[in-house]
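Asks: Starting off with a structure, shown below.
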Amino acid sequence: MFTLSQFPLPYSYDALAPYMSPETLELHHGKHVATYIKNLNNLIQDTPYESVSLYEIIKTSVDDKSNPNAQKIFNNAAQVFNHQFFFNGMCRDCGGQIPAEIKNAFGGEDEFKKKFKDAATNLFGSGYTWLVRDGDEIKIINMQNADTPIAHNMVPLMNLDVWEHAYYVDYQNRRADFVDNYLNHMVDWDQVAENLKQ
Ligand code: MN
């Protein structure tokens, strides 16, 4: 059984204001993530998934033909991982520098931000824009709904949740403004640099 306290917010609800409000963080972590955990617990009860790590649940359920709930298990487990990764990758104006490896891969900081913003604003519906390492390549990819790079042998470096619940309270329909504030005020570049060492 998983609990919300295993996946804590690494800061207080007001830590990202005004770019992400306390109301959004309380709903997003305290309600949405809590619900994914509750659903996951119900789905894995009395199955082999009950006794393995979240990572193993994601890696196995993505192509498990033996459990009729595998897709639901994957979705809820991946959402727990994706949100923990998202929240752990942010801080407000905390000063780190974009790693040189990323600037080099995209032709500079501005080019990187432009490409990331283009991807995030063009993702149709719900999902995440990810920066990943795929083999030797660093790339920006969009993934729909709960899909996650760790299910596809890619190393996640940063992710932006563009489900409407991530921004609607603060930005209504203005997803592009949310993406701008994420890129310019909320990315924890030191954490991204740590992720690059994986
Ligand atoms: Mn979310």
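Just so it is clear, none of the values below were taken in a lab; they were calculated from the coordinates. As the structure is a computational prediction, the values presented were derived from the model and not from experiment. Positions of Cβ are generated from backbone atoms using ideal geometry, with glycine treated the same way; all protein chains shown enter the neighbour counts.
Asks: Which value in nm describes the separation of the simple spin-label points at Cys94 and Glu56, placed 7 Å from the Cα toward the beta carbon?
Replies: 3.0 nm
Asks: Tell me, what ³J(HN,Hα) does each residue in the range 92-98 have, in order and in whole Hz, if you take phi through Karplus 6.51 cos²θ - 1.76 cosθ + 1.60 with θ = phi - 60° and put x for Gly and Pro?
Replies: 9, 6, 8, x, x, 9, 4
Asks: To test your reading of the geometry: what angle, between 0 and 90 degrees and rounded to tens, separates the Cα axis of helix 34-44 from the longest principal axis of the chain?
Replies: 30 degrees
Asks: For the range 72-88, take each phi angle, set θ = phi - 60°, evaluate the Karplus expression 6.51 cos²θ - 1.76 cosθ + 1.60, and give the result in whole Hz per residue in order, putting x for glycine and proline.
Replies: Computed from phi, the couplings for the range 72-88 are 5, 4, 4, 4, 6, 5, 5, 5, 5, 5, 4, 6, 4, 5, 4, 5, 6 Hz.
Asks: Please compute the length gained on full extension between Gln71 and Ala15, using 0.36 nm multiplied by the number of residues separating them and subtracting their Cα-Cα distance.
Replies: 16.7 nm
Asks: In Å and on Cα atoms, what radius of gyration and Dmax does the range 100-196 show?
Replies: 12.9, 38
Asks: Nearest 0.05, what FRET efficiency do Asp46 and Lys139 give at R0 = 35 Å with Cβ-Cβ as r?
Replies: Calculated value: 0.30.
Asks: Estimate the FRET efficiency between Ala34 and Arg174 by the formula 1/(1 + (r/R0)^6), using the beta-carbon distance for r and 22 Å for R0, to the nearest 0.05.
Replies: 0.25
Asks: Between Thr121 and Glu101, what length in nm is gained on full extension when 0.36 nm per residue of separation is reduced by their alpha carbon distance?
Replies: In short, 4.8 nm is gained.
Asks: Mind checking the range 75-183 for chymotrypsin sites (Phe, Trp or Tyr not before Pro) that DSSP puts in a loop (not H, G, I, E or B) and that have at most 16 other Cβ atoms within 10 Å?
Replies: Passing both the DSSP loop test and the Cβ count: Phe124.
Asks: Next up: Excluding residues fewer than 8 places away in the same chain, name every one of the aspartates and glutamates whose C-alpha is closer than 20 Å to that of Lys65.
Replies: Asp46, Glu50, Glu56, Asp147
Asks: Take the cross-link list Lys38/Lys59; Lys38/Lys197; Lys31/Lys72; Lys38/Lys72 and give me the ones stretching past 22 Å between alpha-carbons.
Replies: Beyond 22 Å between Cα atoms: Lys38/Lys197.
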